[in-house]
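Quick notes on the structure that follows.
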Amino acid sequence: MSESFHFQVNLGGMLDVLSNHLYKSPDVFLRELLQNGVDAITQRRKEQPGWDEGRITIALAEGRRLTFRDNGMGLTEAGIHRFLAVIGQSSKTQLQDGRIPEDYIGRFGIGLLSCFMVSDAIVVHTRPADGGPAHAWTGRPDGTYTLEPLEDCSPGTTVILTARPGAEHYFQREAVEELVRYYGLALPVPVYFAGEDRRLNAIPDDFVHTGRGQLLSFGAWLFGEEFLEAILIHTPHLNGVAFVLPYQTDASVKSGHRIYLKYMLLTERGDRLLPPWAFFLRCFLNTSGLRPTASREDFYEDGALEAATAEFEGAVRAHLERLARESPDILEELVAVHSQAIKAMAVWDDSLFRLFIDHLTFETSEGRLSGGKLKRLGRGEWVSSVDRFRQLKPIFLAQDRLLICTGYAFDGELIPKLARAFSLAIGPLREESMDVVLEEPTLDERQQVFALQRAASRALAPFDCRAEARRFLPAELPALYTMSDEVQFFRQVQTAQDMSRGVFSDALASLLAGAEERPAASLYLNLNSRLIQRLAQVEDAGLLGSVARILYVQALITGGYALRSGELKTMSEALLELLDHQGGSI
Amino acid sequence: MSGQVPFSGEALDRSIEQMPRGTIKLEALQQAIRQADQAGDLFWRLRFRCDYIFDVGFVDDKTKALPVCGEFFALLDEYPDGLGNLGEMCRFLAAEPCAELGVNLPQLSMETCEGLLGRLEEQVRRYRKGERLWHWICCEFYAYVDLDRAKEHYAAFQRSKIDIYSDCRACEQDGMVWFALHIGDWPQAQRLAASIFDGSRECHDVPWNTYHSFIEAHLNRGEWKKAQPLARKLLRGGCRDKSDLEYVGSLMRCFAFCQPDTGAALLSRWMKDALGLWDAGRKYYFFKGAWVLCSQLRGMGPLPLDLPQTFPLWRKDGQYGCDALAEWFYAQALDIAQAFDRRNGTGWYGENLALAGRWIREDPL
């Protein structure tokens, strides 16, 4: 027959586990005290129907001692032995068929131990509210405790902590007030400093009937931000406000919220509860029906959490829909600041997409146009390369054709989605469309410009560039330089290699050598331009080559490309050749 | 009097600094480099280049850092004091992304890769900082070349102190998860990933990188059902730009077995970017995923896709045969795998590709 043994638990080691691994900061001791106090008051309310005088008071000997008092249910002697002296035993467990009542916050029975992170002893004075003697319990980190009868003690529980060296900060009035606000702002039990009337944890009683202005003022007080908008969240699992930040923020920002579980602060991080796009919001939320993790610093992932997330999404969406109908100016402002976040949402959420698409803006050849404007225009082409967009923009503008740039984050998804959703004649810019933008010359024209095109291509070969004659608008533009992203990168690699030495030069050379085929850029010579028409009549190949090199550099400058050293040099040389040529003919 | 506004690096820097990380910020930095070059302002020529090098790998093809880095160090060699007090930090920030490029570019010879690692090591020795980072980058590189050497660097990484140049805690944790999976220590990987999966550690790249590592690891074991929940999370938050194309590859590989429509949509959306990518490391994962997706869809009739015209098998009607696509993607992935293995003198990539092929059709749709 096997024997049964008990584990020996080293309380000092346990405290190390708590302080270094379970809790992120010693300041949670106040959260645990608040939690126990509120649960004791909740229990007394249940056992004494009609009693509604629950309150918590905190007295301080600044920097030295903190006395935390609740007038809740208190403990009997048996309760003290059972609940204060056994780790993992909570007075709140197994109260209702093995389940913790919904209105109790704590559940693990380890909270009081967190006080050892700031105090070398925990002194508890307690008297049961339903009658019976009072006791003083003193616990120490070595696992020992004493229990003595107590005469002078009113019903409820008082916890007395004395600051450990190094923990004095937590016993200062300012710190305590801040921690009460931080952890217990939403608690349904008032918290006071002893002898004072000002409640430390006051918030609006009912957000549902609170006006927008008051909500925004509350947000400013709580977060210190002048928010753009306040979104009421009132769902089965959630109650509170989501505030819209007045500035852009990075998608990786997940913290800065105040998320409570049953009115006690659980976390500042929103990544478990809130959808990924909520980074432009700061939320003050009280949750119910969700399960905390053992450290009470986040939520347990389960179906209830998923439902709460869906409720949050629904509430934000409903509010924005209402704004679109009733206060479009606020919506415009919100979209202007948070377009990236909203675009990220709209990619995945069809109803949000339909709600916002009219207000979101996109880079086009006619400047930034909203989705609504694009819907009205009904046609256009998109390019996914920002550089290609820049190259083609003046041509599209001159030809009264709409070009949309989808090279920015999320626009690559949203523009095709816009075209599909509203059956618009908006599609990608295909090569056959380019033939319309840059019109192919007729056979006659080809013959006329043959010498020019050949001389120019020869002159530009050292720059990996081909010359081609096309007809396009505006006529004032004699030549257009276009290159793919690949060519652009090649140019950059070549330029850098010219400058570099040693290992960087080797690495850049490997990149150039590794390319299967050296891509070429194009210099389009505009047959609508008087200059090109005039050059088509010149027969001197040398002269044509010199002009082609000048046109090439001019087109690079017009396109905003960085010039390589050889290109600047060729410009000067070509100009000299022109002068020599002119001199020769005089 | 000229109407041109004089160049002010400080003002430009302030406006760029406020921009969230992304394509728009990168463009602004490129523009700023051009303006500083034109103004001949040495300090800002260097500073904006350094900022660009640091940012580009987060949102675009990290290969683009290389030419700018070449320019940066050429300028700095010529004017060693050009950055004043910022010299140390900028040298580190610029040398780091290039030291990592050996993992991404098989066309760099082993000598060049080690030279780039050496450039970072020079800074480490010179300033007696950044040792932890350097060991980590070496560990990542040698993990595909010489596992014993990688383990030595890993141990040295763990021994080294955290300093200003160390990766963020989330990236370090993610890196350790990746290494545990790389050497097949699954329990250790799960232990290390706990603080990432519970949200305690996160940054721009984490948890997305960690999801990617686990998705690949699950799929290598034929466990697509375990990979799917992670894939769904990665799909919603991690596919943002070209720097995420390896994630897209893993997603296509996973969705091949459970959400082929989503896989096909990802292929259409990202193919153009993948074709233009220089970063062969990321391209490999993309092509591998596309290969598994198209292979798994074989026999289901033509696949409607919106692929770019630069794709060699491009069709005007947008209807693609999965056999031809699978063959093409496999050939591309194999090319890259062979190039890496040739350079590294190992067979890791070839084996990894074979492992992906093992599960095709094992779990019919």
Elements of type helices (runs of 4 or more DSSP H) contained in segment A:490-586, each with 1 or more residues being surrounded by 18 or more Cβ atoms within 10 Å (Cβ to Cβ) and in contact (Cβ under 8 Å) with a residue 60 or more places away in the chain: A:530-535, A:541-558, A:565-585
Members of segment A:469-485 that are surrounded by fewer than 17 Cβ atoms within 10 Å (Cβ to Cβ) and either touching a strand residue (DSSP E or B) at 6+ places or on another chain (Cβ under 6 Å) or free of Cβ contacts under 8 Å to residues at least 60 places away in the same chain (or both): A:ALA475, A:GLU476
Matching entry among A:LEU60, A:LEU30 (being modelled with pLDDT of 90 or more, more than 18 Å from A:ASP130 (Cβ to Cβ) and within 36 Å of the chain's Cα centre (by Cα)): A:LEU30
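Every residue, every condition in (1) more than 28 Å from B:LEU66 (Cα to Cα); (2) surrounded by fewer than 16 Cβ atoms within 10 Å (Cβ to Cβ); (3) free of Cβ contacts under 8 Å to residues at least 12 places away in the same chain, yes or no:
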site: B:ARG298; (1), (2), (3): yes, yes, no
site: B:PRO308; (1), (2), (3): no, no, no
site: B:PHE311; (1), (2), (3): no, no, no
site: B:LEU325; (1), (2), (3): yes, no, no
site: B:PHE340; (1), (2), (3): no, no, no
site: B:GLY345; (1), (2), (3): no, yes, no
site: B:GLY357; (1), (2), (3): yes, yes, no
site: B:ILE360; (1), (2), (3): yes, no, no
Considering residues of segment A:250-283 that are touching a helix residue (DSSP H, G or I) at 6+ places or on another chain (Cβ under 6 Å) and surrounded by fewer than 22 Cβ atoms within 10 Å (Cβ to Cβ) only, the residue nearest to the other protein chains (Cβ to nearest Cβ): A:PRO276
Segment A:387-412, subset touching a Phe, Trp or Tyr at 6+ places or on another chain (Cβ under 7 Å) and within 14 Å of chain B (Cβ to nearest Cβ), residue modelled with the highest pLDDT: A:CYS405
Residue satisfying all of: in segment B:178-210; aliphatic (A, V, I, L, M), under 16 Å from B:TYR144 (Cα atoms) and in contact (Cβ under 8 Å) with a residue 24 or more places away in the chain; surrounded by the most Cβ atoms within 10 Å (Cβ to Cβ) among these: B:LEU181
Test: A:VAL437 is away from every other protein chain (no Cβ under 14 Å), among the hydrophobic types (A, V, I, L, M, F, W, C), over 36 Å from the mean Cα position of the chain (by Cα) and surrounded by 20 or more Cβ atoms within 10 Å (Cβ to Cβ): no
Which numbered condition B:ILE24 misses (of (1) in contact with a Phe, Trp or Tyr (Cβ under 9 Å, 6 or more places away or on another chain); (2) of a type in the set (A, V, I, L, M, F, W, C); (3) more than 9 Å from chain A (Cβ to nearest Cβ); (4) surrounded by fewer than 22 Cβ atoms within 10 Å (Cβ to Cβ)): (3)
Sole exception among (1) more than 24 Å from A:GLU32 (Cβ to Cβ); (2) within 12 Å of another protein chain (Cβ to nearest Cβ); (3) buried (at least 16 other Cβ atoms within 10 Å of the Cβ) for A:VAL316, by number: (2)
Subset of segment B:13-51 [free of Cβ contacts under 8 Å to residues at least 24 places away in the same chain and under 17 Å from A:GLN492 (Cα atoms)]: B:GLU27, B:ALA28, B:GLN30, B:GLN31, B:ALA32, B:ARG34, B:ASP37
Selection from segment B:333-347 of residues that are over 18 Å from the mean Cα position of the chain (by Cα) and not small (Gly, Ala, Ser): B:LEU334, B:ASP335, B:GLN338, B:ASP341, B:ARG342, B:ARG343, B:ASN344, B:THR346
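Yes or no, residue by residue, for (1) in contact with a His (Cβ under 7 Å, 6 or more places away or on another chain); (2) within 14 Å of chain B (Cβ to nearest Cβ); (3) touching a residue at least 24 places away in the same chain (Cβ under 8 Å):
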site	(1), (2), (3)
A:LEU414	no, yes, yes
A:ARG420	no, yes, no
A:ALA425	no, no, yes
A:PRO441	no, no, yes
A:ALA456	no, no, yes
A:LEU460	no, no, yes
A:CYS465	no, no, yes
Residue satisfying all of: in segment B:282-310; within 14 Å of chain A (Cβ to nearest Cβ) and in contact with a Phe, Trp or Tyr (Cβ under 9 Å, 6 or more places away or on another chain); farthest from B:ASN209 (Cα to Cα) among these: B:PRO304
Test: residue in segment A:203-211 that is touching a Gly at 6+ places or on another chain (Cβ under 7 Å), within 13 Å of A:TYR263 (Cα to Cα) and surrounded by 11 or more Cβ atoms within 10 Å (Cβ to Cβ): no
Selected residue (only one of A:ASP329, A:ASP349 is out of contact with any Ser or Thr (no Cβ under 6 Å at 6 or more places or on another chain), within 14 Å of chain B (Cβ to nearest Cβ) and surrounded by fewer than 21 Cβ atoms within 10 Å (Cβ to Cβ)): A:ASP349
A:VAL176 under 34 Å from the mean Cα position of the chain (by Cα) and surrounded by 18 or more Cβ atoms within 10 Å (Cβ to Cβ): yes
Single residue of B:PHE54, B:PHE72 found to be without any contact (Cβ under 8 Å) to a residue 60 or more places away in the chain, crowded, with 23+ Cβ neighbours inside 10 Å and part of a helix (DSSP H, G or I): B:PHE72
Residue tally, condition part of a strand (DSSP E or B) and over 25 Å from A:THR42 (Cα atoms), over segment A:140-163: 7
Leading residue by the ranking (farthest from A:GLU321 (Cα to Cα)) among those in segment A:214-234 that are surrounded by fewer than 16 Cβ atoms within 10 Å (Cβ to Cβ) and modelled with pLDDT of 85 or more: A:ALA220
Subset tally (residues that are part of a loop (DSSP other than H, G, I, E, B) and farther than 23 Å from A:LYS569 by Cα) for segment A:480-489: 1
The lone exception for A:ILE41 - which of (1) surrounded by fewer than 16 Cβ atoms within 10 Å (Cβ to Cβ); (2) modelled with pLDDT of 90 or more it fails: (1)
Some residue of segment A:299-312 being touching a helix residue (DSSP H, G or I) at 6+ places or on another chain (Cβ under 6 Å), modelled with pLDDT of 85 or more and not assigned by TED's automatic domain parsing to the domain that holds A:ALA186: yes
Residue tally, condition more than 16 Å from the chain's Cα centre (by Cα) and outside any loop (DSSP other than H, G, I, E, B), over segment B:140-154: 9
Index of the failed condition, A:LEU403 passing every other in (1) crowded, with 22+ Cβ neighbours inside 10 Å; (2) without any contact (Cβ under 8 Å) to a residue 40 or more places away in the chain; (3) under 30 Å from A:PRO276 (Cβ atoms): (3)
Subset tally (residues that are surrounded by 16 or more Cβ atoms within 10 Å (Cβ to Cβ) and within 14 Å of chain A (Cβ to nearest Cβ)) for segment B:1-18: 1
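The values are calculated or read from the model by the stated rules, or taken from the named source; none is laboratory data. These figures come from a predicted structure and were not determined experimentally. Ideal geometry is used to build each Cβ from the backbone, glycine not excepted, and the neighbour counts take in all protein chains shown.
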